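Structure record follows, encoded as structure tokens.
The values are calculated or read from the model by the stated rules, or taken from the named source; none is laboratory data. From a predicted model like this one, the values you see are computed outputs, not experimental measurements. Using ideal geometry, Cβ is built from the backbone for each residue, glycine included, and neighbour counts are taken over all protein chains shown.
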Amino acid sequence: MSNGTHVDRRFDQTQHEYAANDLEIIEEAHRYGDYVFSVFRPYVGRRVLEVGAGIGTMTRKLLAVADLVIGVEPNASCVSRLQANMRGESRFTLLPCHLEECDLGDFQRKQLDTVYCVNVLEHIEDDVAALRMFSDAIVSGGRVLIYVPAIQAAYGPLDAELGHHRRYSKRTLAAAFSAAGLELIRLQYANAIGLIGWMYNSHVTKARHHSVEQVKLFERFVAPWALPLERLIPPPLGSSLVAVGRKR
């Protein structure tokens, strides 16, 4: 649906190549990707379900530390690129479908201990139902690792183009974890500088695409000092939220 300025892909996002193209731009932010994975690394187990594997940006990092990675990805454009990137990797299994189409019993038989879900939950209309399925898929004591866009006031044309149903606050994300029966053991904002940039793009430039130039500027001039600083001092706000839940 178009409103004259941007396309709202919340309900048909998996039918477009847009998502795969956008992920290729974001993949250039190597320091940022390493930072996101480093935040979750202490909680990643040996048998991982990656929900929203995309084009494999995080999959390779997971395979470096896990014995088994199952990737769920419904976007056909992403699937073709993911298959090419993971060709010959015997420890990776791709499920080219929506989460709700997966066999929960098969997940349980595989004794999965981690769900890894980066920038995906915001794409799912019923996020609580998704979190419940994450919990059901893993063993007792397993971890659900979530990274989502934050601050609803920052929602703009790019969010709609990407198919985001929402951006989160600590309160709304904690409520979703609680409703899904997950024990929340970590919750913090991330990428404070990124929030400034996202607000600018949403409300000033009305950007509809990630900018390669902005990604390169962030990677070169911001990431080297801002991201290490956040490891020491968690910011009070940020463009994203980190959440770690445990199955009771």
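Please enumerate the residues belonging to region 142-179 that are part of a helix (DSSP H, G or I) and among the hydrophobic types (A, V, I, L, M, F, W, C). Before you say what the answer is, go through the steps one by one.
So in region 142-179, the residues part of a helix (DSSP H, G or I) come out as 152-154, 157-162, 170-179.
If the condition is that a residue be part of a helix (DSSP H, G or I) and among the hydrophobic types (A, V, I, L, M, F, W, C), then A153, A154, L158, A160, L162, L173, A174, A175, A176, F177, A179 are the ones that fit.
Residues in region 30-60 that are among the small types (G, A, S) and in a helix (DSSP H, G or I): G33, S38. Taking into account only those residues within region 139-186 that are among the small types (G, A, S) and surrounded by fewer than 16 Cβ atoms within 10 Å (Cβ to Cβ), which is farthest from G105 (Cα to Cα)? This residue is A153. Look at (1) closer than 18 Å to I25 by Cα; (2) at pLDDT 95 or above and you find that S211 fails only one, number (2).
I need the full set of residues from region 157-214 which are polar (S, T, N, Q) and touching a strand residue (DSSP E or B) at 6+ places or on another chain (Cβ under 8 Å), in order please. Answer for region 157-214, where residues must be polar (S, T, N, Q) and touching a strand residue (DSSP E or B) at 6+ places or on another chain (Cβ under 8 Å): S169, S178, Q188, N191. Taking the criterion of being at pLDDT below 95 and exposed (fewer than 12 other Cβ atoms within 10 Å of the Cβ), the residues of region 230-248 that qualify are R231, L232, I233, R248. Of all residue pairs spaced 6 or more apart or on separate chains, those with beta-carbon atoms under 6 Å, a first member in region 103-120 that is touching a residue at least 24 places away in the same chain (Cβ under 8 Å) and closer than 10 Å to L49 by Cα and a second member that is outside any helix (DSSP H, G or I) and of a type outside the set (A, V, I, L, M, F, W, C) are L112/R47; D113/G45; D113/R47; D113/G142; T114/G45; T114/R143; Y116/E50.
When region 13-55 is examined, which residues are found to be at pLDDT below 95 and under 20 Å from C102 (Cβ atoms)? The answer is Q13, T14, Q15, A19, G54, I55. If you go through region 88-135 and keep only what is of a type in the set (D, E), in contact with a strand residue (DSSP E or B) (Cβ under 7 Å, 6 or more places away or on another chain) and either over 20 Å from L162 (Cβ atoms) or surrounded by fewer than 20 Cβ atoms within 10 Å (Cβ to Cβ) (or both), you end up with just D113. The C-beta contact set for region 24-51 (first residue free of Cβ contacts under 8 Å to residues at least 60 places away in the same chain, second residue of a type in the set (K, R) and crowded, with 18+ Cβ neighbours inside 10 Å, distance under 6 angstrom, 6+ apart or interchain) comprises F37/K61.
Right, V139: in a strand (DSSP E or B), over 15 Å from the mean Cα position of the chain (by Cα), under 29 Å from D113 (Cα atoms) and of a type outside the set (D, E) or not? Break it down stepwise before answering.
Working: in a strand (DSSP E or B): yes; over 15 Å from the mean Cα position of the chain (by Cα): yes; under 29 Å from D113 (Cα atoms): yes; of a type outside the set (D, E): yes.
When the stated conditions are applied, V139 passes them.
Among the residues of region 52-63, those identified as within 23 Å of D136 (Cα to Cα) and either touching a residue at least 60 places away in the same chain (Cβ under 8 Å) or of a type in the set (A, V, I, L, M, F, W, C) (or both) are G52, A53, M58, L62, L63. For region 72-114, a residue qualifies if it is of a type outside the set (S, T, N, Q), assigned to a strand (DSSP E or B) and under 18 Å from R132 (Cα atoms), and the qualifying residues are V72, L112, D113.
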